[in-house]
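These notes concern the structure reproduced below.
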Amino acid sequence: MAWIFDEKSPIYLQIAKNIKIKIIGHEIKQGEQLPTVRDYAEEAGVNPNTMQRAFIELEHEGMVYSRRTAGRFVTEDPVLIEKKRSELAKDELANFISNMKNIGFSNQEILAETENYIKETN
């Protein structure tokens, strides 16, 4: 089943973020070999060149590395994974806060709404 993408950012960045979330969330384990570019592209429903760009992006961030003729593997650096987890959390929170302020919520109202939501979903 093809992945769902939005129009807000390049598809390769969305793919890289999706894979990064799977690594951070331990759905993809440290040291695990990733599927090939072609296999992952087929799964995502994108051109292999787009998937290649996503993998290159993840390599630049240090989240994955290549072994010549063996494929790509997830980093085994737990400190890097935790750092990326924190960065992603800050990005998500910044977007959330910005959206809430755009619809007229104050900081205190945002906190109250967030606390209520957490209570309701537990």
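Just so it is clear, none of the values below were taken in a lab; they were calculated from the coordinates. The shown structure was predicted, so the numbers you read here are calculated from the model rather than taken from an experiment. FYI the Cβ positions are ideal-geometry reconstructions off the backbone, even for glycines, and counts take in every protein chain you see.
At each listed q (0.09, 0.18, 0.20, 0.21 Å⁻¹), what is the log10 of I(q)/I(0) that the Debye formula gives for the chain modelled as equal alpha-carbon point scatterers? Values, matching the q order: -0.34, -0.99, -1.10, -1.16.
Can you give the charge dipole size of the range 1-58 about its Cα centre, rounded to the nearest 20 debye, using +1 on the beta carbon of Lys and Arg and -1 on the beta carbon of Asp and Glu?
Numbers: 7 positive and 8 negative charges, 36 e Å.
It works out to roughly 180 debye.
As a ratio to 2.2 N^0.38 Å, the alpha-carbon radius of gyration for the range 79-121 is 1.38. Dipole of the chain computed with +1 at Lys/Arg Cβ and -1 at Asp/Glu Cβ about the Cα centre; of VAL74, GLY104, THR114, farthest Cα towards the positive end is VAL74. According to the calculation over all Cα-Cα pairs in the range 1-65, the P(r) per 5 Å bin from zero is 4, 19, 30, 29, 16, 3, 0 %. Given +1 at the Cβ of Lys and Arg, -1 at the Cβ of Asp and Glu and no other charges, the dipole of the chain around its Cα centre is 380 debye to the nearest 20. Annotation for the range 45-86: trypsin sites (Lys or Arg not before Pro) lying in DSSP loop with at most 13 further Cβ atoms inside 10 Å of their Cβ are ARG68. In a reduced charge model with +1 at each Lys and Arg Cβ and -1 at each Asp and Glu Cβ, the range 79-121 shows a dipole moment near 200 debye about its Cα centre.
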